[in-house]
Amino acid sequence: MKCPRCGFSQQPGARFCGQCRYELAEQNSLFGDKPSDPYIGQVIDNRFLIESKIGQGGFGAVYRGRQQGTGRKVALKLIHPDTIHDENLIARFRREGMVLINLKDAHTVTTYDFQQVPNGPLYIAMELLEGKSLHDVFHREAPLSWRRVFKILTEMCSSLAEAHAHGVVHRDLKPENIYLENRPGNPEFVKILDFGIAKVVHGDVVGGSIAQLTASGQTLGTLEYMSPEQLMGKELDGRSDVYALGVLAYEMITGRLPFPEAKGPADLITAQLRQIPEPPSSVHATGHISAEVDQIILKMLEKEKKNRYADVEHLRQACMEVLGSNPSWGSDVAGPVSSHLLRDSNGSQLGPAPIPVEPEPPNVPHAAAPASAVQSAHRGSPPGAPAAAPAPAATPSRHMDGSDRPSASAANVPHPSASPSASAHDAPGLDTQIRQRTDSRIWLWLLLAVIAIGGAVGAALALA
């Protein structure tokens, strides 16, 4: 058996080339999810039982495990054994552990511990996420509703705000690093993970100064989501992550990246540095994307970082304003929905719908009810409360998707005094009817008396 890269002869069953360290056939890989994997079934650091492999990358692998004693499910990130002599990589792995263990935001993956086993691997123990990646959701359901995406953005901004406050720039925000968990009241609770190539701008989060691990001009990240300054190897701050969020939002909402015509790395870098993307509403014309949504996304994608949002908190506030200060309205994921909710053409919840009422007969005049009648109709009103004003007529309102629809105004719901039985002038009261009948009888008797007296006087005059 020979190495396919250098041709060096290998021992049977070798996992890596002894000459060039090339990873040999997958069936011989140490990190293949095979019975030969020495970590499967082992207890790491006398604390964590490794049960199965979740995934692997260029520097290490992630396993599903369980903490001894407590039974807590964990995700264990282990570094490749053939890289334990790479001091730069070891330093980056340690830094990731120190960064993660100091970040406490609910939308950042929770890290329990990181250690190096004596004469063994480095590992980071994290919470095991029981959900789905945004990457998987996108490939099943793209394009996504802009409301749904903006709700996800607001939660991502919560995680990144804490990281940026500690001087940590993520540098690798992409759908694969965003997880959505189904939690009570929030079926898509956001978790950001993989701070493995995070840039520590200053040393607050790691308790002091830290060695420079990236050479001048070196770039790390995923090309499609990298900011222009990151591509050019310039100094980074939180606004680089804002750009990555813009690419991510653009892709989720339109179903494609901002520069789909770029066919290779060189074309993509040129586009990221020079081209202005089309507004999302032009790309996805049936997505009910308003001008405000276009403006927010294009502002995130500004080439000059000074023209983007100053920080993720400003971005979060902009998203909240467009969502009507209620990000939960942005969720169009599966789940129980009240029958009294307005929804747009995409099925997104807009707000409470007016309660259905019986239509009033046409052309039936209604006299204005006196204040006393209105107050009696509102039995819950406190004594002396002012009379309710007449309901205004329904007028079209601009909704979040930019369309005009009749608003659910009070004109659509009849006033309590508008029903036939509630109006004070629709029919006289019982006491009024009795009083009218009594007055009529008195006048009848008086008339008969006058007639009788007149007849008696006339008869007397005739006899005389």
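Where a number appears in this text, it was derived from the coordinates with a stated rule and is not lab data. In this text, all values refer to a predicted model and were calculated from it rather than measured experimentally. With ideal geometry, Cβ positions are generated from the backbone for all residues, glycine too; neighbour counts draw on all protein chains shown.
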Proximal charge balance of residue 137 [Cβ under 10 Å; K/R count +1, D/E count -1]
0
Phi to ³J(HN,Hα) by Karplus 6.51 cos²θ - 1.76 cosθ + 1.60 over the stretch 156-167, Hz, x for Gly, Pro:
5, 4, 4, 5, 5, 4, 5, 4, 5, 4, 8, x
How would you classify the stretch 40-127 from its alpha-carbon gyration tensor, with a ≥ b ≥ c the square roots of the eigenvalues: rounded for a/c under 1.5, else prolate if a/b is greater than b/c, otherwise oblate?
oblate
What's the local net charge at residue 304, with K and R +1, D and E -1, over the other residues with C-beta under 15 Å away?
+4
Which of rounded, prolate, oblate describes the stretch 50-97, given a ≥ b ≥ c as roots of the alpha-carbon gyration tensor eigenvalues and a/c under 1.5 marking rounded, otherwise prolate only if a/b is larger than b/c?
prolate
